[in-house]
Every structure is written in structure tokens, then in C-alpha cells.
Amino acid sequence: MKITTKLMGAAAALALTSGMAFADGHASPGLIIDLGGKFDKSFNESAFNGAQRWAEETGADYAETELANEAQREQTMRRMAERGANPVVVLGFANASTLDVVAPDYPDTDFVIVDMVVDQPNVKSIVFSEHEGSYLVGMMAAMASESGTVSFIGGMDVPLISKFACGYAQGAKAVNPDMNVIVNMTGTTPTAWNDPVKGAELTRSQISQGSDVVFAAAGGTGIGVLQAAADADILSIGVDSNQNYLHPGEVLTSMVKRVDNAVYDSFTAAAAGELETGITVMGLDNEGVGFAMDENNADLVSAEMVAAVEAAKAQIIAGEITVHDYLSDNSCPAF
């Protein structure tokens, strides 16, 4: 169950004013889906699935809006808050600066931002240890590679995506210090998240340079990466959602980022009147990130590979392995 609007104007927003509260007086939550759409098979879709899971389990409603362009960010947040949604969950680091301006104007509304920190008293910030999950799939890539070259394709060229790339390269070189890691970003504007044609072109270029395993952290662009890899019969690695099913037997694994749990848990806590603002980090220790195993990649990953990655996971959690976080100093020791 959900309520959806495409921001067609004030009338559409006002139409959602009714029914925006639970019987116990708590307001219904709202979800603002970032550029790329809720069916990107990646970050946004994972968030949408978390909201849907909550709605199906509780029988309750939530408000939902999909951004169509950059200019809608501020008006979307304000409209969602003004029609009574609480909390208002916004997806993606690109919303941070806008939320920092908007949140103080609605002190009685709780906001949740997924993927960035906003320091406001009524904001809960949920971030992930993407570098740690990427380290594990980097290990798997290196163990599966026969050419000695693996690669990475990011979406928009921003530090957060370099965090993925850096973790991946560290994991690959932990297995083989001589491993060649090729890194390309799709673009410098938000359109980089939804350009599967460019993703496919970059993949073919990397294959021509010897890559036989490619990791995509590029939103909808990654669909083109995985398709091009499958067409060339090399291995790929999905991201955010479990994308193993997209090309069974061709996707080595997926670096899952439990955005679905972030949304589900936020909705659940709010419904119980227990949502706490501040910063929450989702990492290996609380299953916030990890690697996906299922029937679609079971024949690609040996028991020895799983054992090695699980051992590294335990060492990272225990503090015995430190994966450098690109965001800490905008540098990467593996590049």
C-alpha cells in the first residue's frame, strides 16, 4: 500500500493531506525517491522495496514522490512536510545541502536522509560502510580473475563513489598485490546515474584493456554494465540490491547495501514513536553491507572463495584489517 504523487502541482499535494496519520495519532511516513526512479534495480529500488515491505506487513500507507529533476529537491521536501508526512525519508547524498536548509523550517517534522550526514536536531542520518563491502567483493573479483585485470565503473564522479572504488581496489590487491584495477566514472552530472548506454561503452573499453571482472556502482547505468559484461562473457558485480538474478551465471556477486532496511527500520521506529535522530552507520557488523550469494551465482563462487572472504569480514569487524575510507582524506592507497 502506498500513496504516490509525481509533483504535478499543489492540487496533487493537497490530495494527499487526508489519510496521512495512523489511528494512534502518529503521522504516516513519506519517501522521496531520488533521480533514476524507483525501478533502477539498484539504490532507489532497494529503498522502495523496504517501504513496500513495511506497508505490506503493517497494512499502513506511506506517501511517495519520485524526483524528475534537480530543481524539484527543495519543493518536494517542503510539500511532503507541509502535507503532514512524518518522518520524511530522502534518498541520496545529493539531497544533503537542501535538507540542511529545509529541516530547520519544520522543527516538528523528523527527516531521515540515507547516504549522507545532515547535522540538524530533527534529522536522522544513515550512512554505510561501502568501502568494507567493496573490499570483500574486490577480493572475490581478484580470486575469480584469470587475466590479472579487474575494473570498476562508477556513476557520478563524486567522493562517495570513489569510496566504493577504493575499497574494491584494496580488496583486489589484498589477494594479489600485482592486480591491475581500472577505474572509470560515467560522468560529472546526475545523468551519470541513468546512462546504461555509456555504461556499456565503458565496459567494452575496459574489456579491451584486459578486464575480466567489472564492478558497477552506478545506479541505472549499471544495468548497461552488467549487460555488456554478460554479452562479452565476462563476470560482473552488482551493487546496492542483489543483482545476481539479472544475468544468472554471469554476475559473480553483488555488493549489497541494505537501503531497504534503512527505510523499513525508519518507518517502523517512527510508527512506534521511537525514531531517534543523529547518525547511524550500517556496516559489516550489523549486516548493513555485504556480498550476495544465491542460486544464481553458486556455481561461480567456490567454497574456498567464500571462506577467504568470510575470514576477511571477521577480521575487519574485529579491527584486524583496516579498510581505508576514501572520504576520510580523499585519497586511496590502492590507486
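The values are calculated or read from the model by the stated rules, or taken from the named source; none is laboratory data. None of the values given here were measured: they were computed from a predicted structure. Here the Cβ positions follow ideal geometry from the backbone for every residue, glycine too, while neighbour counts run over all protein chains shown.
List of remarks:
- Of the set (1) part of a loop (DSSP other than H, G, I, E, B); (2) assigned by TED's automatic domain parsing to the domain that holds D115; (3) surrounded by 14 or more Cβ atoms within 10 Å (Cβ to Cβ); (4) not acidic (D, E), all apply to A334 but (2).
- For the stretch 123-144, a tally of residues being of a type in the set (D, E) and surrounded by fewer than 21 Cβ atoms within 10 Å (Cβ to Cβ) returns 0.
- Filtering the stretch 201-232 to residues that are more than 24 Å from K173 (Cβ to Cβ) and among the acidic types (D, E) leaves E201, D231.
- Top-ranked residue of the stretch 246-277 - restricted to ones that are over 14 Å from the mean Cα position of the chain (by Cα) and among the charged types (D, E, K, R), ranked as surrounded by the most Cβ atoms within 10 Å (Cβ to Cβ): E250
- Among the residues of the stretch 82-114, those identified as outside any loop (DSSP other than H, G, I, E, B), more than 15 Å from F267 (Cα to Cα) and not polar (S, T, N, Q) are E82, F93, A94, A96, L99, D100, V101, V102, A103, P104, D105.
- When E45, E70, E56, E66 are screened for being of a type in the set (D, E, K, R) and modelled with pLDDT of 95 or more, only E56 passes.
- Residue in the stretch 256-279 that is in a strand (DSSP E or B) and out of contact with any Gly (no Cβ under 9 Å at 6 or more places or on another chain) present: yes
- Among the residues making up the stretch 67-113, those that are polar (S, T, N, Q) and touching a Pro at 6+ places or on another chain (Cβ under 8 Å) are N86, T109.
- For the stretch 56-72, the set of residues classified as part of a helix (DSSP H, G or I) and in contact (Cβ under 8 Å) with a residue 60 or more places away in the chain consists of T58, E70, Q72, listed by residue number.
- All positions within the stretch 304-322 that are assigned to a helix (DSSP H, G or I) and either among the β-branched types (V, I, T) or on the phi > 0 side of the Ramachandran plot (or both): V306, V309, I316, I317
- Pair list, Cβ under 7 Å, 6 or more apart: the stretch 84-102 residue assigned by TED's automatic domain parsing to the domain that holds I32, other residue assigned to a helix (DSSP H, G or I) and surrounded by fewer than 20 Cβ atoms within 10 Å (Cβ to Cβ): A94/P190; T98/E74; V102/E74; V102/R78
- Scanning the stretch 103-122 for residues that are within 30 Å of F164 (Cβ to Cβ) and either buried (at least 24 other Cβ atoms within 10 Å of the Cβ) or in contact with a strand residue (DSSP E or B) (Cβ under 7 Å, 6 or more places away or on another chain) (or both) yields A103, D110, F111, V112, I113, V114, D115, M116, V117, V118, N122.
- When the criteria are applied in full, D285 fails the requirement of being assigned to a loop (DSSP other than H, G, I, E, B) and either more than 26 Å from A200 (Cα to Cα) or touching a residue at least 40 places away in the same chain (Cβ under 8 Å) (or both).
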